[in-house]
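The values are calculated or read from the model by the stated rules, or taken from the named source; none is laboratory data. This one's a predicted model, so the numbers in the text were calculated from it and none came from an experiment. With ideal geometry, Cβ positions are generated from the backbone for all residues, glycine too; neighbour counts draw on all protein chains shown. These accessible areas exclude ligands, DNA and RNA; they are computed on the full protein's heavy atoms, side chains included. Shrake-Rupley method; radii C 1.70, N 1.55, O 1.52, S 1.80 Å.
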Amino acid sequence: MPTGTPYEVLAANGADWYLKQGGGQGKKICAMAQDDAYGAAGLDGLRQASKTLKFKVAKTVRFATTSDVSAQVGELADANCDAVVLVSLPNDTASIVTKMIGRNFSPQILGIAPSWLGGLVNDPNNGAFLQENYIWLGYGAAWGDTSVPGMAKMIQDLQQYAPGQTPDAYFQFGYAQAWAMDQILEKAAKNGDLSKAGMTKASKQVGTLKFEGLGGDYKYGKSANDRNPPRDTTIAKAAAGQPIGLQIITTDYISDAGKKVTFKE
């Protein structure tokens, strides 16, 4: 079951924030994305946002995960990109940043949620660069903010069942996924049918998956066409000493560009 704000919307909201609040007015926006479906989703959201916000994506490069990205980073540096929307995984983020440092290329990095891992901010080689240049485009409540009911529930569960768990964005994401499955299981149990067919039926009947602010509520519906995912984005900057290595700027950034994003089935 999908949970959280889709990559397309994260990219669109991130571009909107950069242009309107991140000092990006009139700046050159570029993109670097994995050569797979994840990368394509981020690029599609950026493309749609460029039409809504009336800007041109100046340069786009793709890469295979774990590959040498010297050439791609070189293309972005040569294009004098002011900002790079980055659709990557953490191991590639580290490699990309290393290459940027080597080229004396310091763009504003707008990283889609999976591009980050809290330990990156403490890297002796890349940490300072990330704190200066990396902005995270994710979703959900700030870790430990128990004023949010969903986060309070997760922290309470951690204290009872996994007190050794340290702040981790991937854990928070996984907890939300488990919560989604719990809601489907409850529906299937209420129907009295826990078979495969019963689970499929329950998933179509569950309606809106609710997370009490831990993440945005997700209207699932009976088919992909019925889905209405959350449109909010949590925006944060890399910061040492902060939970998951990020200092939250806002947890509920919603833009017209993000609202207008449509999805490929």
Hey, what angle do you get for helix 196-205 against the long axis of the chain, alpha-carbon based, 0 to 90 degrees rounded to 10? 70 degrees
³J(HN,Hα) computed for each position of the stretch 211-224 - Karplus, 6.51 cos²θ - 1.76 cosθ + 1.60, integer Hz, glycine/proline x: 10, 6, x, 4, x, x, 5, 10, 6, 8, x, 8, 8, 4
Please state the shape class of the stretch 172-227: rounded when a/c is under 1.5, otherwise prolate if a/b exceeds b/c and oblate if not, all from the C-alpha gyration tensor. oblate
Past the 18 Å Cα-Cα mark, which pairs from K56/K237; K153/K190; K196/K222? K56/K237; K153/K190
Expected 222 nm ellipticity per residue - DSSP helices of 4 or more, -39500 (n - 2.57), all of the chain, to 500: -13000 deg cm²/dmol
With unit charges on the beta carbon (Lys/Arg positive, Asp/Glu negative), name the residue among A162, Y253, Y220 whose Cα is farthest towards the positive pole of the charge dipole of the stretch 160-265. Y220
May I ask which residue of Q25, M100, G118 lies farthest towards the positive end of the charge dipole of the stretch 1-155, with charges of +1 (Lys, Arg) and -1 (Asp, Glu) on Cβ and the Cα centre as origin? Q25
Counting only residues 5 or more apart in sequence or on a different chain, those whose built amide H sits under 5 Å from that of V85 are C30, A31, M32, L110
Translational D in µm²/s for the stretch 7-58 (Stokes-Einstein at 37 °C, 0.692 mPa s, Kirkwood Rh from C-alpha pairs): 301 µm²/s
What size of dipole, in debye to the nearest 20, comes out for the stretch 61-121 about its Cα centre when the only charges are +1 on Lys and Arg C-beta atoms and -1 on Asp and Glu C-beta atoms? 80 debye
How far is helix 90-102 tilted, in degrees, relative to the longest principal axis of the Cα atoms in the chain, given as a value from 0 to 90 rounded to the nearest 10? 10 degrees
Round to the nearest 0.05 the FRET efficiency obtained for K54 and F263 when R0 = 25 Å and r is the Cβ-Cβ distance. 0.70
Read phi for every residue in the stretch 151-165 and hand back ³J(HN,Hα) as whole Hz from Karplus 6.51 cos²θ - 1.76 cosθ + 1.60, θ = phi - 60°, with x for Gly and Pro. 5, 4, 5, 5, 5, 4, 5, 4, 4, 7, 10, 8, x, x, 5
Could you list which residues have their amide H under 5 Å from that of A239, counting only those 5 or more apart in sequence or on another chain, with H placed in the peptide plane? L246, Q247
Within the stretch 174-215, which residues have the backbone N less than 11 Å from the label spot 7 Å out from K222 along Cα→beta-carbon, could you tell me? 204-205
Return the loop-located trypsin sites (Lys or Arg not before Pro) in the stretch 1-68 (DSSP other than H, G, I, E, B) with at most 14 other Cβ atoms within 10 Å of their own Cβ; answer none if there are none. K54, K56
Calculate the tail of P(r) for the stretch 38-109: the fraction of all Cα-Cα distances greater than 13 Å, expressed in %. 66 percent
For L89 and D256, extending 7 Å from Cα along the Cα-Cβ vector and measuring point to point gives, in nm, a value of 3.8 nm
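So if we plug the beta-carbon distance of L158 and A240 into 1/(1 + (r/R0)^6) with R0 = 25 Å, what FRET efficiency do we get, rounded to 0.05? Could you put the intermediate results ahead of the total?
Values: r = 23 Å, r/R0 = 0.91.
Result of the calculation: an efficiency of 0.65.
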Can you list, bin by bin at 10 Å, the percent of alpha carbon pairs in the stretch 124-175, starting at 0? 21, 43, 25, 12
Looking at the calculated P(r) for the stretch 153-265, what percent of the C-alpha pair distances fall above 16 Å? 70 percent
Shape parameters for the chain, alpha-carbon atoms, Rg then Dmax in Å: 19.0, 62
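With a 1.4 Å probe and all protein chains left in place, how much accessible area per residue does the chain have, in Å²?
Details: 12490 Å² over 265 residues.
Per residue, the chain has an accessible area of 47 Å².
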Normalise the Cα radius of gyration of the stretch 23-179 by 2.2 N^0.38 Å (N = residues in it) and let me know the number. 1.15
Residue separation times 0.36 nm, minus the C-alpha to C-alpha distance between A197 and S70: what's the value? 40.8 nm
Going by Cα centres, the stretch 61-117 and the stretch 194-232 are how many Å apart? 34 Å
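With +1 on each Lys and Arg Cβ and -1 on each Asp and Glu Cβ, how big is the dipole of the stretch 92-219 about its Cα centre, in debye rounded to the nearest 20?
Details: 10 positive and 11 negative charges, 108 e Å.
Rounded to the nearest 20 debye, it is 520 debye.
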Within the chain, what percent of beta bridges assigned by DSSP are antiparallel, to the nearest 5? 40 percent
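Using 1/(1 + (r/R0)^6) with R0 = 45 angstrom and r between the beta carbons of N104 and Y170, what's the FRET efficiency to the nearest 0.05? Spell out each step's value before the answer.
Values: r = 32 Å, r/R0 = 0.71.
Once the sixth-power term is evaluated, E becomes 0.90.
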Tell me which residues come under 5 Å, amide H to amide H, from F211 once H is placed; ignore anything under 5 positions away on its chain. D217
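Just how large is the dipole of the chain about the Cα centre, in debye to the nearest 20, putting +1 at every Lys and Arg Cβ and -1 at every Asp and Glu Cβ? Before the final figure, lay out the partial values.
Numbers: 26 positive and 25 negative charges, 176 e Å.
That gives the chain a dipole magnitude of about 840 debye.
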